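The values are calculated or read from the model by the stated rules, or taken from the named source; none is laboratory data. Since the structure is predicted, the reported quantities are computational estimates derived from the model, not experimental observations. Here the Cβ positions follow ideal geometry from the backbone for every residue, glycine too, while neighbour counts run over all protein chains shown. The protein model used for the area step is the full one, side chains on, heavy atoms only, and it has no ligands, DNA or RNA in it. Shrake-Rupley method; radii C 1.70, N 1.55, O 1.52, S 1.80 Å.
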Amino acid sequence: MMRTVITGGAGFIGSHLCERFLADGHEVICVDNLITGTLSNLEHLRSNDRFSFIRHDISHPLELDGRVDIVLHFASPASPVDYLRHPIPTLKVGSLGTHNTLGLAKAKNARYLLASTSEVYGDPEIHPQREDYWGHVNPIGVRGVYDEAKRFAEAMTMAYHRFHGVSTRIIRIFNTYGPRMRLDDGRVLPNFMGQALRGEPLTVYGDGSQTRSFGHVDDLVEGIVRLLETDFHEPVNLGNPDEVTILDFAREILALSGSKSQIEFRPLPQDDPRVRKPDISRARQLLGWEPRIARTEGLRRTLEYFQNKVHMEG
Ligand code: UDP
């Protein structure tokens with residue numbers, strides 16, 4: 001039986017990974033300090049005797065007894081609102097947390113996978129973004145705490161691979177959505193869905209002409225599982241290239257929910273990337289991977305999830 005450590009396992013993506021690796025027969029050790037994750041994401045898994053939870057801040061070293069086969073480092077605040085609220089923990093988990101998890105993988109001779117991000121491309125000057133693009137990041141801007149931590153994390157991961165021979169992998173995750181996102185994480189999708197369902201105005205930042213490309217979490221998880229089976233060490237973009245402007249995205253959510261909410265324009269946050277869309281040729285070739293869940297279908301399923309959440313609020 002594989003023994004798999006997942007940091008950030010109580011978060012949105014992490015909890016889907018815990019679920020998937022348990023379903024695939026692994027023993028899963030979830031490590032989370034719960035600053036942005038929540039135990040309610042794991043409730044349905046806790047009765048499984050192959051699952052265990054350790055409350056721990058991975059910015060401090062973690063010693064585990066016994067064998068470890070796979071280490072997945074997913075711990076980090078990941079929404080702009082969260083990492084602005086926790087700037088120093090964000091820098092620490094991307095740097096020290098990456099160092100500690102790589103140390104664990106090295107000590108246990110485990111396979112390692114780093115969750116990096118499309119944010120390493122910053123406000124990109126090439127479009128769509130390919131893995132060989134080095135990015136355009138403001139190191140001292142408000143988003144720098146996340147972007148630079150992840151860029152450092154990638155550098156550290158490659159160094160452990162090159163210098164220590166650790167079997168590492170790096171994924172760059174583009175905007176991902178699905179059930180178990182927090183309604184209050186400040187990202188555009190939970191904001192718009194929450195607002196539409198409560199009949200409040202949808203808050204479009206700037207003029208809404210900036211673009212994002214949204215991928216469903218189930219597609220992401222499949223890509224991660226496939227990459228772990230390869231021996232490929234350079235970064236791999238995982239996301240859905242179906243690009244949309246934020247204003248059109250707001251309109252899609254209004255149409256889907258049948259909400260009568262208005263659209264209101266708010267100031268654009270500092271360093272907000274103008275465009276974002278993954279070039280996924282590498283994942284296609286290497287993994288035979290392709291996003292399967294179209295945005296309309298994915299949004300429909302996610303809206304159901306948020307309907308329950310908003311209902312429980314009221
Ligand atoms: N955004 C928006 N209204 C909101 C929240 C976000 O218009 O209520 C915009 C934000 O300015 C950005 C895009 O939606 O251009 C995606 O923002 P998000 O916070 O989801 O993540 P990002 O892709 O910027 O990391």
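Figures for the structure shown
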item	result
Neighbours by Cβ (under 9 Å, 6+ apart or cross-chain): first from region 197-213, under 22 Å from MET312 (Cα atoms) and in contact (Cβ under 8 Å) with a residue 12 or more places away in the chain; second in a helix (DSSP H, G or I) and near the ligand (Cβ under 6 Å from one of its atoms)	LEU202/ASN191
Members of region 67-84 found to be in a loop (DSSP other than H, G, I, E, B) and open to solvent by less than 50 Å² (accessible area, probe 1.4 Å), listed by number	VAL68, ASP69, PHE74, ALA75, SER76, PRO77, ALA78, SER79
Exclusive hit being at pLDDT below 95, within 26 Å of TYR205 (Cα to Cα) and open to solvent by 60 Å² or more (accessible area, probe 1.4 Å), set LYS260, LYS309	LYS309
Search result, residues across region 284-306 that are in a helix (DSSP H, G or I), within 19 Å of PHE249 (Cα to Cα) and open to solvent by less than 30 Å² (accessible area, probe 1.4 Å)	ARG295, GLY298, LEU299, THR302, LEU303, PHE306
Filter result (surrounded by 15 or more Cβ atoms within 10 Å (Cβ to Cβ) and basic (Lys, Arg)) within region 26-50	ARG50
Residue check, ASP57 of a type in the set (D, E, K, R) and within 24 Å of GLU154 (Cβ to Cβ)	yes
Of all residues in region 92-114 being open to solvent by 70 Å² or more (accessible area, probe 1.4 Å) and in a helix (DSSP H, G or I), the one that is nearest to ARG226 (Cα to Cα)	LYS106
Region 66-93 residues that are on the phi < 0 side of the Ramachandran plot, paired with ones that are of a type in the set (Phe, Trp, Tyr) and open to solvent by 40 Å² or more (accessible area, probe 1.4 Å) (beta carbon under 9 Å, 6 or more apart)	LEU91/PHE152
Identity of the residue in region 234-256, over 17 Å from GLY215 (Cα atoms) and within 19 Å of the chain's Cα centre (by Cα), that ends up most open to solvent (accessible area, probe 1.4 Å)	GLU234
